[in-house]
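Trainee: Dropping a structure here in structure tokens format, bear with me for questions.
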Amino acid sequence: EEEDHDAAREARARKARDREVSAVLRGLDLNVKRQWLLEMLRWELGPVSAGVPIPGLPGVMLTCDRARPLEDLCQHCSMRNPDGSGGPGAFLAPPRGGVLIKFKDEHGAGAAVRREWMSLVGAAACDRSNLLFHSADGGVTLHPSPVSGELTPEHLEYFASLGRLAAVSMYHGETLPLRLTAAFCKRLLGHPMALDDLLSVDPVLHKNQLSYVRDHGPEGLGLTWADTADPTGLFRPGAMTPLVPGGESKEVTAEDVDEYLRALVAHRVIGSVRDQTAAFAAGFGAVVPPALRSRMKGILEGEDLSVLIAGAPCIELDDWKKNAAYAEPVTRSSFSARCFWAAMDTFSPEELKAVLQFATGLSSPPAGGFRNLVGYMGDAVPFTLAELVAGRRDAGGA
């Protein structure tokens, strides 16, 4: 009995130490977390190839259709072709050595082409006509739509394919323009739910219902143990999902209000999109090994993973200037460079995004800012300004 008591005490002490270590690790700078994750992925999957075959690291080569990026991605992730013929898609293979992209009937290749393809896939996934995701903050962040299957019967295949692509983009040190809510990313990492997870999914519901009821109680509100089955109101207007058996007719009281709020948040954040989350996690887990996912849980918060996938939420021009490089030392103080940055100072956020995408193929800076821009092989390559030689400045196409 005394041995059992000692063992239990040791187990409690070990858990306490683990929590303390996790708290320290989660407090690390995002740059440190990004570098750690990049090194772990390269350790598991090998270095990213620069297009030259590496023994044992064949990489994955995909020929993609620019006009149908999302459907094409799913076909590359499918076990069979749409007509039932053929073998497994090329993207099902482990991306050891990286993923190379070529568009049909085009000759371009390299990191910029892969990044353009990721941008096209991300834009298609965000397209409201597909109804895969919805946003409650004006399109800043995205959460799976509970009714994604209404317009897109193969929606779970899409989520699994997007999960795989999100992991591959992190392996390359690049970004996928799919800014997921912190609550969704918490579920991918395996973190427990908290009531305030609702804030990133539906800030209006968090303010008008959760916060109000938590502060003032449910009296006089006529709340029942049910939540809307279709937040969009497009397919099942007025339909309700009971949070407990018979919940539609069970009134919320002051005694059970805490349980009600947990059930409401659990349904809105987790339960209503359980299948979509599981499919995305399965695709993500097909690239990121279980042991690494477990370590990620101890280091990353949901907000961290969201930024690691989609990049920095905005373009900071001062950070861009600070981390820019110049082909020649004299270029830094040249008239051309001064004109370039002066013009950039006048650009809108959308125009800055267009410049970044033209120059790098990225639609947002990597997590941690411009210091983390990468090249073809995933190594650090800064944004670089150079001047054309005098004889070429006025040439056609210059």
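Trainee: Just reorder I270, I309 by solvent-accessible area, largest first, 1.4 Å probe, all chains present.
Mentor: I270, I309
Trainee: Helix 2-26: angle to the longest alpha-carbon principal axis of the chain, degrees 0 to 90, nearest 10?
Mentor: Here the helix axis deviates by roughly 40 degrees.
Trainee: Treat every Asp and Glu Cβ in the chain as -1 and every Lys and Arg Cβ as +1, leave all other atoms uncharged, and give the resulting dipole magnitude about the Cα centre to the nearest 20 debye.
Mentor: 1360 debye
Trainee: List, in order, the whole-Hz ³J(HN,Hα) value for each residue of the stretch 320-329 obtained from phi through the Karplus relation with A = 6.51, B = -1.76, C = 1.60 and θ = phi - 60°; use x for Gly and Pro.
Mentor: Per residue, the Karplus-derived 3J(HN,Hα) values read 4, 4, 4, 9, 6, 10, 10, 4, 10, x Hz.
Trainee: If you don't mind, another one. Taking the Cα atoms only, what angle lies between the long axis of helix 111-126 and the longest principal axis of the chain, rounded to 10 degrees?
Mentor: That works out to roughly 30 degrees.
Trainee: For D318, what accessible surface area do you get with a 1.4 Å probe? Give it in Å², rounded to 10.
Mentor: In the full protein context, D318 sits at about 120 Å².
Trainee: Can you sort H143, H76 by solvent-accessible area, 1.4 Å probe, largest first?
Mentor: Descending order: H76, H143.
Trainee: Then there's this: If packing is taken as the mean number of other Cβ atoms within 10 Å per residue, what is the order of 334-341, 161-168, 192-199, highest first? Walk me through the numbers before you get to the answer.
Mentor: Details: 334-341: 12.9, 161-168: 25.6, 192-199: 16.8.
Per-residue Cβ counts within 10 Å, averaged per peptide and sorted highest first, yield 161-168, 192-199, 334-341.
Trainee: Going down the table (K321/K353; K15/K297; K297/K322; K322/K353; K102/K186), which pairs top 26 Å between alpha carbons?
Mentor: Values: K321/K353 15 Å; K15/K297 15 Å; K297/K322 32 Å; K322/K353 17 Å; K102/K186 34 Å.
Over 26 Å apart, Cα to Cα: K297/K322; K102/K186.
Trainee: Please list, ordered by chain and number, the residues whose modelled amide H lies under 5 Å from the amide H of V374; skip anything fewer than 5 residues away on the same chain.
Mentor: Residues meeting the amide H criterion: V381.
Trainee: If you count only protein heavy atoms and use a 1.4 Å probe, how large is the accessible surface of K33, to the nearest 10 Å²?
Mentor: It works out to around 10 Å².
Trainee: Using a 1.4 Å probe on the protein heavy atoms, what percent of the accessible area of the chain belongs to carbon and sulfur?
Mentor: Ligands and nucleic acids excluded, carbon and sulfur reach 55 percent.
Trainee: At a 1.4 Å probe radius, which order do R9, R214, R179 fall into by accessible area, largest first?
Mentor: R9, R214, R179
The values are calculated or read from the model by the stated rules, or taken from the named source; none is laboratory data. Bear in mind the structure is a predicted one, so any value in this text is a computation, not a measurement. For neighbour counting, all protein chains shown are included, and Cβ atoms are generated from backbone atoms with ideal geometry for every residue, glycine included. Ligands, DNA and RNA are excluded from the accessible area calculation, which covers all protein heavy atoms including side chains. Shrake-Rupley method; radii C 1.70, N 1.55, O 1.52, S 1.80 Å.
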